[in-house]
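Step one of this worksheet: look at the structure below.
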Amino acid sequence: MSGDGPRGPRDVLRVWTEDAVWIAAGAPIRCEGRDAIMRYFNRTAEKRVPTPGAGSSVRLVGVPIIAFTGWDEAHARSETTAFELAGSVIEPCSLGYYDDLLTKESGDC
């Protein structure tokens, strides 16, 4: 994804491989394959998982920092912040990070 212009769903979809599996913990979401993920994002708002209510939490994840450790491997760290919904108040409740191991199985970059 290059350039400074607006991004569309097809641009964002490129972060997943053709055989990706996307599972959202705590929600009834399981999409297998890039096309299934695209179909989920193209659903109307009424058909998606509802917005969390009071007592729920919402997590924001930042852009990963990627360190290449070899020609076929990299490590990525993404910072995350969780907010809890308490009535009409949104309060930060945790800060943390995710570590991921990325491996190239085949094909060109």
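Every number in this text was worked out from the coordinates using simple rules, so none of it is lab data. In this text the structure is predicted, and so the values were computed from the model without any measurement. Note that each Cβ is placed from the backbone with ideal geometry, even for glycine, and that neighbours are counted across all protein chains shown.
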*Stretch gain in nm, segment residue 90-residue 15, where the contour uses 0.36 nm per residue and the Cα spacing is subtracted*: 24.0 nm
*Which order results if 40, 97 are arranged by neighbouring Cβ count within 10 Å, fewest first?*
97, 40
*Along the charge dipole of the stretch 52-109, which of 75, 103, 60 sits closest to the positive end, that is, farthest toward it, with unit charges on the beta carbon of Lys, Arg, Asp and Glu (+1, +1, -1, -1)?*
60
*What translational D, rounded to a whole number of µm²/s, comes out for the stretch 52-109 from Stokes-Einstein when the hydrodynamic radius is the Kirkwood one over Cα pairs, at 4 °C and 1.567 mPa s?*
96 µm²/s
